[in-house]
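> Starting off with a structure, shown below.
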Amino acid sequence: MTSATLPASVDAMLELLTSRGYLAERSLATVTYLSLRMGRPLFLEGEAGVGKTEIAKVLSAALGRKLIRLQCYEGLDVSSAVYEWNSAAQMIAIRMAEAAGDTDRDQLSSDIFADRYMIKRPLLQALEPDVAGPPVLLIDELDRADEAFEAYLLEILSDFQVTIPEFGTVKAPHPPIVIITSNRTREIHDALKRRCLYHWVDYPAAERELAIVKTRVPGISAKLSQQVVRFVQALRNQDFYKSPGVAETIDWATALSELDARSLTPQVVGDTLGALLKYQDDITRMQGDTLQKVLKDATSEN
Amino acid sequence: MAINHLAPEQTEQFADNIVGFARALRSAGMPVGPGAVIDAMSALQVIEIGNRADVFTTLEAIFVKRHEHALIFKQAFNLFFRASEEWKHLLDSVPLPEQAKKKPQAGSRRVQEAMSQPRMTETPQHQEQDLRLSVSDKEILQKKDFAQMSAAEIAEALRAIEMMRLPQAELLTRRYLPDPRGLRLDMRRTLRASLRTGGDIIDIHRLGRIEKPAPIVALLDISGSMSEYTRLFLHFLHAIGDARKRVSVFLFGTRLTNVTRALRQRDPDEALASCSAAVEDWAGGTRISASLHHFNKLWARRVLSQGAIVLLISDGLEREADSRLAFEMDRLHRSCRRLIWLNPLLRFGGFEAKAQGIKMMLPHVDEFRPVHNLSSIQELITTLSRPLPPHHRSLIRSAA
């Protein structure tokens, strides 16, 4: 991996993302560019499947940086997010010292709590210098972690440093590129958001979604991709419990393409609707007249 | 062209504009601190300020920290940067959230009441009588229906409600804390302790799981038929929100309003006042089904995700009782840990679920309880503090 230079303008940022197959709205490219230039974390919120996580992956690939991912979950704590001591190895070291007749306690303690007995977890890894340049740190689905963890993140995100009692403070020589995503299953505290650049990622407009489908599903015919996008966009206007995201559109287009479908028919849509809608209630509502109507609109020529 | 390429006086003008804009946003009710203004200036150093769309996105990323504020920001931006010198117009045209209006002074009602009390020196015996009566008064008060209370009794009930504290119904989390009786070994502390003795004696330290109260989500019906109870319940919800962190409150009549933030204010009067300012359909009709639909779609995933207990406070008198209502109740029931329906109509001894809406809602609740006097609220608190049973569908009816 070679480290690419940071883009010098919003247009360059947009180009960089496009070159890796990520067709971003200009506004998303703008905030990403700002976050790189200002060295501030980027906080992305939006419905599931609109490409929030993807942008971190694309950034790391395009800039040739290491991607460090911290998947959040309820109960995530310091030992699985930041660091942990390798207790077994420490025990052995103590026994060895004993066997050798070593009795200097201070010496032993500084030996035991040394770098090599430390198991580094994502957040600490992200603070370490890297030859390719500061890594991309993806803190994914922060809304799943609990409030206590958020409070812990405050120190890391504002000073890019971690304090380890036995060891001292670890500070990043250059701050990592931080992308935080949230699906809004709960509100994230304002104190954390204040340290970040905030951006709401929306569903893409039809034109952009069409371009995304064409890029991500290369074998698809122009006619089918157009129908797919129109159908999905129409679904988002329906009052569903969970509207399909871009990820679902791509899944569906891939599925249809695998089935060699030439255009949307009630039969083929009925068989593959599960790729788009993930709740039984939503699928039930999509039967019959509603399906006919949406399908008719999507397949009509104009 | 970035801002640092501007002539000095232009830069100054620009900085003034940004400061003015931030002030305008603040008056429109958005929490914009001075730090954000500094951020905005440094962001504009790296962005082409000739491109309006980019400037918009840049300022939005800095000033907007909640999706709900995006609309206010957009309007403000369009108004301000069309004619930035006339930014005062902004305040007239942007719909201001309640905070921006003049706040009613905290405790004003209580101060008024205090002023209108007869002076102590006038009738010392009167005070004596009061004390004597208060014991039996309390008993009567416990059983008295909220709807039939006099103003003084309501005041007394409010005081009692404010005193109520929810015991912390515990929910095991997956985080750990030092705990001598914990099940997990705390290797880190054990090692550190053993080093103190040169590694000889090993004193085992343990970790136990942290417990925290389950979140509570209250959906309170504020339609006309519930009006006698609304204020008291709001007081109750304010009191429990004071005691534990995770309480979300929604009010619904014909539409659903989230008043969680408004209710967080310390002073109960101020909190209630800002609640009523936030609600547009106070004491109007009821559309339970539509309100529940709105809740399920927009809020359920956000507030019910961590094993919440839902308190649905409503008389269930729905105008449009159809299969949608049953459907939404079912969805709500399936997305929470426990659904407790509090219905003041249960105060009538021979209550029967005759109304269509009530019949549709009943099969989908875990508990159906009366809530019309202090003792029933007290019972509710006892229920909430019991260890949580696993999610079950059986219907427990407890009559008044």
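> Give the number of residues within the stretch B:49-76 that are touching a residue at least 24 places away in the same chain (Cβ under 8 Å), of a type outside the set (Val, Ile, Thr), within 29 Å of A:Ala8 (Cβ to Cβ) and surrounded by 18 or more Cβ atoms within 10 Å (Cβ to Cβ).
Summing the residues that are touching a residue at least 24 places away in the same chain (Cβ under 8 Å), of a type outside the set (Val, Ile, Thr), within 29 Å of A:Ala8 (Cβ to Cβ) and surrounded by 18 or more Cβ atoms within 10 Å (Cβ to Cβ) in the stretch B:49-76 gives 4.
> Then there is this: Restricting attention to the stretch B:313-320, does a residue exist that is among the polar types (S, T, N, Q), open to solvent by less than 50 Å² (accessible area, probe 1.4 Å), under 26 Å from B:Pro213 (Cβ atoms) and at pLDDT below 85?
no
> Still on this structure: Do you know which of the residues in the stretch A:96-147 that are among the hydroxyl-bearing types (Ser, Thr, Tyr) and loosely packed, with under 14 Cβ neighbours inside 10 Å is nearest to the chain's Cα centre (by Cα)?
Of everything passing the filter in the stretch A:96-147, A:Ser110 is nearest to the chain's Cα centre (by Cα).
> For residues in the stretch B:20-34 being of a type in the set (Gly, Ala, Ser) and not in a helix (DSSP H, G or I), which is farthest from the other protein chains (Cβ to nearest Cβ)?
B:Ala28
> Further, regarding this structure: Go through the stretch A:21-40 and report how many residues are away from chain B (no Cβ under 11 Å) and either surrounded by fewer than 18 Cβ atoms within 10 Å (Cβ to Cβ) or modelled with pLDDT of 95 or more (or both).
Going through the stretch A:21-40 one residue at a time, the tally reaches 1.
> Out of all the residues in the stretch A:65-108, which are in contact with an Asp or Glu (Cβ under 8 Å, 6 or more places away or on another chain) and among the small types (Gly, Ala, Ser)?
Matches in the stretch A:65-108: A:Gly75, A:Ala93, A:Ala97.
> Could you list, in sequence order, the residues of the stretch B:257-289 that are open to solvent by 10 Å² or more (accessible area, probe 1.4 Å), part of a helix (DSSP H, G or I) and touching a strand residue (DSSP E or B) at 6+ places or on another chain (Cβ under 8 Å)?
Result: B:Thr260, B:Leu263, B:Ala278.
> Is at least one residue of the stretch A:169-184 among the small types (Gly, Ala, Ser), assigned to a loop (DSSP other than H, G, I, E, B) and within 11 Å of chain B (Cβ to nearest Cβ)?
No, the conditions are met nowhere in the stretch A:169-184.
> Also: If a residue has to be assigned to a helix (DSSP H, G or I), at pLDDT 70 or above and surrounded by fewer than 16 Cβ atoms within 10 Å (Cβ to Cβ) to count, how many in the stretch B:163-207 make the cut?
Residues flagged as assigned to a helix (DSSP H, G or I), at pLDDT 70 or above and surrounded by fewer than 16 Cβ atoms within 10 Å (Cβ to Cβ) within the stretch B:163-207 amount to 3.
> Select the helices (runs of 4 or more DSSP H) contained entirely in the stretch A:41-120, then report the ones holding at least 3 residues which are out of contact with any helix residue (DSSP H, G or I) (no Cβ under 6 Å at 6 or more places or on another chain) and of a type outside the set (Gly, Ala, Ser).
Correct list: A:52-63, A:87-99, A:105-112.
> Filter the stretch A:61-93 down to the residues that are over 24 Å from A:Glu155 (Cβ atoms) and in contact (Cβ under 8 Å) with a residue 40 or more places away in the chain, then identify the one that is nearest to the chain's Cα centre (by Cα).
Result: A:Ala61.
> Shifting gears a bit: Could you list all residues from the stretch A:151-186 that are basic (Lys, Arg) and touching a Lys or Arg at 6+ places or on another chain (Cβ under 7 Å)?
Across the stretch A:151-186, the qualifying residues are A:Arg184, A:Arg186.
> Quick one: in the stretch B:35-54, which of the residues that are more than 9 Å from every other protein chain (Cβ to nearest Cβ) and part of a helix (DSSP H, G or I) is modelled with the lowest pLDDT?
Filtering first and then ranking leaves B:Arg52.
The values are calculated or read from the model by the stated rules, or taken from the named source; none is laboratory data. In this text the structure is predicted, and so the values were computed from the model without any measurement. A quick note on method: Cβ atoms are made from the backbone with ideal geometry, for glycine too, and the neighbour counts reach across all protein chains shown. These accessible areas exclude ligands, DNA and RNA; they are computed on the full protein's heavy atoms, side chains included. Shrake-Rupley method; radii C 1.70, N 1.55, O 1.52, S 1.80 Å.
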